[in-house]
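See structure below.
Throughout, read-outs are computed from the coordinates displayed, never taken from laboratory work. Just so it is clear, the model here is predicted, and its values are computed rather than measured. Heads up, the Cβs are rebuilt from the backbone with ideal geometry, glycines too, and the neighbour counts pull from every protein chain shown.
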Amino acid sequence: MLDVYDREINYLRVSITDRCNLRCTYCRPKEGISLKGHYDILRYEDIIRVVYQSVKLGFIKIRLTGGEPLVRRGFVEFATELRKIAGLQDISLTTNGILLEQYAEDIYRAGITRINISLDSLNKDKYFQITGGGDIENVFRGIAAAEKAGFSPIKINAVLINGINDDEVLKAVEWAVKKPFQIRFIEMMPVSEVYEHQKENFLSTDQLLQQIEEHFELEPQFGKKEKFDGPARIYKIKGGFGEIGFINPVSNHFCATCNRLRLTADGKLRACLLKDEEVDLKAALERGCGDDELSDLIRQAIRLKPKQHDLDCSDKHRKKCTRDMSDIGG
């Protein structure tokens, strides 16, 4: 389905929980957040219904996110049911990898074959610091389990934090030389009040490219994207097995090609990550709305998609959205 700017909207990111087993510094405030109760989030049955109606409108790709999606009970069974929706061509998962060793094989059997794993540092102590106490060995075991299960591609997401993990970039690229992973460097986004305390931590991905090219020969893959590739600028590392990518939503936004909506765990449909306008699906579902009304609400969200966000990378007082990232869905 086309939005008012003739972009084809066919990708739905679905947050199934706001709960997480980590407390990453750029995601959650130090004082914590008020977690939603069981009845505050969408039931699996309602999510499946929303996805079904979205597919009827032309959506072909779903990504399951959180919080951490694997902390919600019944995830594998839910994924199995999603896979039965005719016309849904791709289901992928974003996870922090902490529980992946336990679930990788079952998730793969359920029909999810593409996975993104958040890993902001390869250093045990830094990882512990960034994640508020996470054990990096759990993630390494989870990645190994995902490889063994057959996931492809395996994408490793690293949020850039100036002065914290920017000195690990070359080490991460070396990992992609040895392994068939896609290591993706992501700019920190101005989301919620958390960002107010971290403006100095912003680092543009453009600042990394020259540094990397001094040590590795890169082959741009622009124009060679597969159907389900996202907004990352991808480079093949000559002589290596993997790739690296840069996702720069702030310094060089990709709004002109944005094809997604976001469904929050509490049932709000967002047309843009960095805009606060939402369409409330949960309220409609709870009062027993029909399929036509549900489809109309999805269309309404598509009509709300802005031409672009209005962030200014040079503005120290960048406008931010009010929700926490864990609340919206990563």
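General observations
- The value of relative contact order for region 119-165, using C-alpha pairs under 8 Å at least six residues apart, is 45 percent.
- Simple spin-label estimate for Leu57 and Glu277 in nanometres, 7 Å along Cα-Cβ: 1.4
- For the chain, DSSP calls about 30 percent of its internal beta bridges antiparallel.
- Across the chain, the relative contact order, built from alpha-carbon pairs under 8 Å that are at least six residues apart, equals 22 percent.
- Residues Met1, Met188, arranged from fewest to most other Cβ atoms within 10 angstrom of their Cβ, appear as Met1, Met188.
- For Lys238, the shell of other residues with beta-carbons less than 13 Å away shows a net charge of -3, using +1 for Lys and Arg and -1 for Asp and Glu.
- Net charge contributed by nearby residues that have their C-beta within less than 13 Å of Arg7 (K/R +1, D/E -1): +1
- Sequentially through region 291-305, phi angles give Karplus couplings (6.51, -1.76, 1.60; θ = phi - 60°) of 5, 5, 5, 4, 4, 5, 5, 5, 4, 4, 5, 4, 5, 7, 4 Hz, Gly and Pro residues having no value and appearing as x.
- Rounded to the nearest 20, the size of the Cβ-charge dipole of region 2-90 about its Cα centre is 260 debye, with Lys and Arg at +1 and Asp and Glu at -1.
- Neighbour-count ranking [beta-carbon atoms within 10 angstrom, fewest first] of Asp40, Asp3: Asp40, Asp3
- Beta-bridge orientation, region 1-154: approximately 5 percent antiparallel, per DSSP, counting only bridges with both partners inside.
- Ranked His215, His38, His309, criterion: other C-beta atoms within 10 Å, fewest first: His38, His215, His309
- For Glu243, the residues whose amide H sits under 5 Å from its own are Phe181, Gln182, Ile183, ignoring neighbours fewer than 5 places away on the same chain, with H placed 1.01 Å from N.
- Neighbourhood net charge (9 Å Cβ-Cβ; Lys/Arg +1, Asp/Glu -1) for Tyr127: -1
- Cross-link pairs exceeding 19 Å between alpha carbons, from the set Lys36/Lys61; Lys36/Lys282; Lys126/Lys179; Lys126/Lys171; Lys148/Lys179: Lys36/Lys61; Lys126/Lys179.
- Comparing Cα centroids, region 162-182 and region 41-105 end up 29 angstrom apart.
- Segment Leu170-Ser152, extension gain: residue separation times 0.36 nm, minus the distance between their alpha carbons: 4.2 nm
- For Ile161, nonlocal amide neighbours, meaning residues 5 or more places apart or on other chains whose placed amide H falls under 5 Å from its own, are Asp166.
- Largest first, the three principal axis extents of the alpha carbons in region 11-328 are 58, 45, 41 Å in whole numbers.
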